[in-house]
Amino acid sequence: MTGDSYNSNMKKGQVLLIVVMLLATALTVALTSTYQSVTETQLTKLEEENQKALAAVEAGIEKALQSKRQGNFTFTSLGLSNLSGIDTSQSSVEISNQGSTTFVTPLLQKDEQYTFYLANYPNFNSYWGGQINIYFKTESACPSLELTQIKNDNSLVRNIVDPCGQITDPNDLRLGTTSGPYSFGGFNFGYKLSNNISISNTKLLIVRVLFAPTRIGFQGTNNFPLQGSTIISTAKTQAGVEKKVQLFQSYPQIPAEFFVTSF
Amino acid sequence: MRHYKFIYLTITTIIFILILLFKHAVSTVIASVCEGTATCSWQTCSCRWNALQGYYCDCSTHSASGSCRFVNYYGSIMCGALICGANSSCIFTANSCTVWSGRVDLATNGCNIYHWGCSGTSCVKLSGHGSDTCSSSCRSQGWGSWSTCSNSCGNGSQSRTCNCSGDCCTGCDGYSCNSTQSQQCCVCNNSCNCNASKPDYRTQCQSPYCGQNVCHTTSGERCSGSSCAISCTKTDCGKCDDLRSARIEIENTNNNNISKTHDLPLFVSGHARDRNGITHGVEDVHIYVDCPSESTCNQSHFWTSFNVNSITIKPNDPNAGYFSGAIKASNMANLYNRIGRDGGNHSHALYFFAVQTQPPENLNATCGNWYFGKKEITLTNSSPQNQSLSLCQQNPEFCFCGSAVTGLSSCLNLPILSYTNNNILRIKAAFSDPDSFPSEEIGFIRESDIDEAYIIFDDDNNENNGYFYRIKYKDNPNNNSYTITEDGGRIANLVDINNHSRNVTHAYTLNLTIDLDFSKYPRENPFHSNIYVRARDFAGKESPKSLMISTTFTAAPYWYKLRNASLNKKGELRNYINNLPSPYDTDDTYEKLLIVGEAGPVLVQNSGQNTLGFTPIENYLSQKRFFKEGYNFSNQPRFFIPQYIAYAKSRKLINYIQNDISKIKPNMINIYQGSNLTLSQDINQQNIVLILMNNENNLIDLRIDKNVFNQSRFSQAFLARSITFSNSVTEANGIFLAFSFNLKDLDPQYITTPLKINGNLVSMEEIVDTTVRRRIDITKPSIFIVFNPKMYLDLLPYLSVYKYDWRQLQ
């Protein structure tokens, strides 16, 4: 091998090496780009399926709310057979009619109130009887409560719960409380009543929240009357994405802004 | 048989003994019966103490023909005939027997007189006459009469016995019952001398009684020597210069029947007698005042201010020498004027002259204008004091603050008009003048009482700046009248004086009752005022101001009340509850509370100025008294009518109607679309929610214009931008929700029609003036809101929202 040949071969090898490296680089870039594209496509597809499933869930809830029936229903039986991309045979709605000895309200803002039913709605001809306790203060600030019972003869019984002494009460008539924390219904409460309230012949117990927001927990000695509708809607897309949502819709709530004499 | 004889004898003996005892008892009774000549039965006796005269007693009797009066002085009891003469006159004829003091038994509980009759020259106790309150175990009669002197001429001795019965003995100077006492005595006449060795009242000699040659004993004089032979002739009797004043009294009581404090008649009574103690009748008595001396009294010192009726004091018993009469206070006032009303004390001498006398033994004798007595009187004066004032409800009368007992301080910061009925404030004021009258010997006569009095409402302590309201009382002594007038002040045209009256108590306190009518008083302008009184008497002396007390004539005696409600009060809570409230109707109670029935908390936005007229405020909120001041209501609520409409449009079935309320459907939400709406007729549909909007979907106004709106009390709710209850509305049934409310039409400024809302009233904005309705009877609330839970229950499906709790489980 002559020196020129050696040099020539050396140069060819270098070129080849460079070409190979360039090809490798290009291939890497190309493959990476392709992978990312596939992933994004897959994610988009999943999101679509999710949205499709959630939409189907809401549709199921809506149908359930409209049907005003109780029990388990497939989407098909609810007239939701034409939902695109939804496996309606695998989707269902459960409208619960199970009573419970516990009930926790949504978070009530200051000056809001909750209408708790102590008789069957809307007929109000079957009254709940028993002992009831009330849990409250799920947020940092201290609330007070106004409790208004509307009895079967439409008379009223009013009390206040004021653990932090924010209301002048010279007769010391407020209901006594004990401080927690108490874990109840999936929430932590700061107070509950010291003594249960005896309930009989009462249509409604309206709890108005004063000074600070809180959830209200009701604990009874036996199952309370239904407080509204609990709907569990499950929807599955044909791609296999499944969503499950629980919605509680209360019975009619009288807004505190319409209920309290004000001027 | 012998046995029967023995029984017979025993019975006979017993009967005989009983007969003897009976006869003895009868003879004892008979012996005690009066044998005197008194023909009138003494019925009543009253005794008084006089420093000069000791006890003296007046006894009176009655007969079919008239009233008799016998006046007996010096504690003596005279025995004689008291008969009733013509024209209701009384004639008393003394017998020769005079029983001196010691016969009057002064029991601790009054004056009891044993009446005595005459038996020859001896006095005999009359039983069965008069009153005798001594207990049966103590019937002391005291000393008996002295026995006849043992010597009919000159010195002798005599004795007396202490007569007692029962188990005690009084009136015998410590001597026991039936004990005797002896002394020397002397009998003198024209032919013998008295030589009693020691002076003794009972042996003293004095001028003989006219026409009788016997000595008469009396007190006050002693024998100056061993002999006191006196020659007595009838010509010594009945001289005018014998006239003396036995008693002159000045009184100003008239059975406590006083018409005005300064109008006190001067009552003068007295008795003229000669120096022998014998009474002489006087037909007229003239009084002179402030003579330099009795001898220089002449016509110029005649109390010329007296008129004939008052200066001439008619004797009511000439034979007894008694006279009495009244001198008008106006004449006294002239005397005050004569000496000047300087407010000081002034003494005056009153000289009494008998115009004519008729001595019984010398009927021809006359004593024209003969001085016989003198009396000092002192006119006194001090400033009026001890004023008091009470503020009262008129009908029924109830004084809620003030008075001399609780003082004006009890009126401090009270909303005065809230305590009244129909804005009539009754003022009861008392003004006193402490001048004393009378004393026993020297008559202190009130120179002056309340001439002027003022009741003053003033926002400061300076009446001169015009910011006051003043009521003036002025007496008019000339015609027994007075005046009550407004005496200036900036609110004089806003307050009317209605009824007023006065009376004067026997303690010489002037009491005024004045009703002030505050109906025209502007309710929006509270009058914070001090209140005080002052007075001036007729002498010009003025009392200092009474204590000033700041109080409030509130702007809002018209008030509202709620039932079964909780209350969110925007702004301030200023509602002056009536002090004695009456219920609005059968839904209401008599409770003096803002909220009756089952009340929730009262949350008030502002703090510091809240009031219900009484303190502490929480006591008048409700039975439960739940209260919070300074509550933070959201200015922009999360939920009200617009949010509800948006919710309802998306969630609830709605009936839209265009300008035609006849298309309102029951049991649903109705949205009226058109212009502002006036409802003059009921909507006879059950369970409706009516929302008023225009075509641009903005809320519009609603005006209710029917006397009793929704008379059938259907469950109905009305939602609008503003809701006006017209002047004619007295009752509106329904739940009324709006941003603002008008409780009446724009005009007039105030109406008297009350308003009841049965359902609820919810306003986003504060109703600033809750007193635009001013019913006449302010004991009842002018506005009454009854919270009706049934309407809310009936409207539950419509006037409501749903709450959701959403959770994704998978």
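Numbers below:
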item: Packing-based order for B:722-729, A:171-178, using average beta carbon neighbours within 10 Å, highest first; result: B:722-729, A:171-178
item: Residue exposure sequence - A:VAL157, A:VAL15, B:VAL801, A:VAL207 - by fewest surrounding Cβ within 10 Å; result: A:VAL15, A:VAL157, B:VAL801, A:VAL207
item: Qualifying trypsin sites (Lys or Arg not before Pro) for region B:628-693 [loop in DSSP, other Cβ within 10 Å: at most 14]; result: B:ARG638
item: Taking the C-alpha atoms of region B:631-733, convex hull volume expressed per residue in Å³; result: 122
item: Separation in nanometres of the label points that stand 7 Å from Cα toward Cβ, at B:GLU376 and A:LEU175; result: 8.8
item: Footprinting exposure proxy for B:ILE450, B:ILE683, B:ILE776 (fewest neighbouring C-beta atoms within 10 Å first); result: B:ILE776, B:ILE683, B:ILE450
item: Relative contact order (%) - criterion: Cα under 8 Å, at least six apart; region: region B:497-627; result: 18
item: Alpha carbon Rg of chain A, scaled by the compact-globule rule 2.2 N^0.38 Å; result: 1.74
item: Virtual paramagnetic centre 7 Å along Cα→Cβ of A:LYS45, amide N under 14 Å, in region A:228-263; result: A:238-241
item: Long-range HN-HN contacts of A:THR177 with modeled amide H, under 5 Å; result: A:SER194
item: Near-label residues of region B:683-702 by backbone N, under 11 Å of a point 7 Å along Cα→Cβ of B:ASN676; result: B:700-702
item: Long-range Cα-Cα pairs in region B:523-653 (distance over 25 Å), rounded percent; result: 49
item: Segments B:669-675, B:510-516, B:656-662 sorted - mean Cβ within 10 Å per residue, highest first; result: B:510-516, B:669-675, B:656-662
item: Test item: A:154-162 mean partner chain Cβ contacts at 10 Å; result: 5
item: Pairs from A:LYS52/A:LYS137; A:LYS151/B:LYS803; A:LYS110/A:LYS151; B:LYS428/B:LYS592 whose Cα-Cα separation, in the structure shown, is over 29 Å; result: A:LYS52/A:LYS137
item: Contour minus Cα-Cα distance for B:SER152 and B:ASN498 (0.36 nm per residue); result: 116.1 nm
item: Over region B:647-736, relative contact order from alpha-carbon pairs under 8 Å, at least 6 apart, %; result: 23
item: Interchain or long-range residues, amide H under 5 Å from A:SER91's placed H; result: A:PHE75, A:LYS236
item: Cα centroid separation, region A:179-235 to region B:451-494 (Å); result: 68
item: Percent antiparallel among DSSP beta bridges (both partners in region B:601-749, rounded to 5); result: 5
item: Cβ neighbours within 10 Å from other chains - mean over B:567-576; result: 2
item: Inter-site label distance for B:SER519 and B:ASP805 at 7 Å from Cα along Cβ, in nm; result: 6.2
item: Estimated inter-spin distance, B:LEU547 and A:THR221, nm [label 7 Å along Cα→Cβ]; result: 5.9
item: In order through region A:169-181: 3J(HN,Hα) via Karplus (6.51 cos²θ - 1.76 cosθ + 1.60), integer Hz, x for Gly, Pro; result: 9, x, 8, 6, 9, 4, 6, x, 10, 10, 8, x, x
item: Neighbour-limited loop hits for GluC sites (Glu not before Pro), region A:1-83 (at most 11 other Cβ within 10 Å; DSSP other than H, G, I, E, B); result: none
item: Sorted peptide list for B:613-619, A:240-246, A:195-201, criterion being average Cβ within 10 angstrom, highest first; result: A:240-246, B:613-619, A:195-201
item: Shielding by partners, peptide B:620-630 (average Cβ within 10 angstrom, other chains); result: 4
item: Relative exposure of B:PHE714, B:PHE468, B:PHE787, judged by other C-beta atoms within 10 Å (fewest first); result: B:PHE714, B:PHE468, B:PHE787
item: Cα-based shape type of region A:54-165, given that a ≥ b ≥ c are square roots of the gyration tensor eigenvalues and the cut on a/c is 1.5; result: prolate
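Quick note: the coordinates plus some simple rules give every number you see, no bench work behind them. Here the structure is a predicted model, which means the values were calculated and not measured. As a convention, Cβ positions derive from the backbone with ideal geometry for all residues, glycine included, and neighbour counts pool all protein chains shown.
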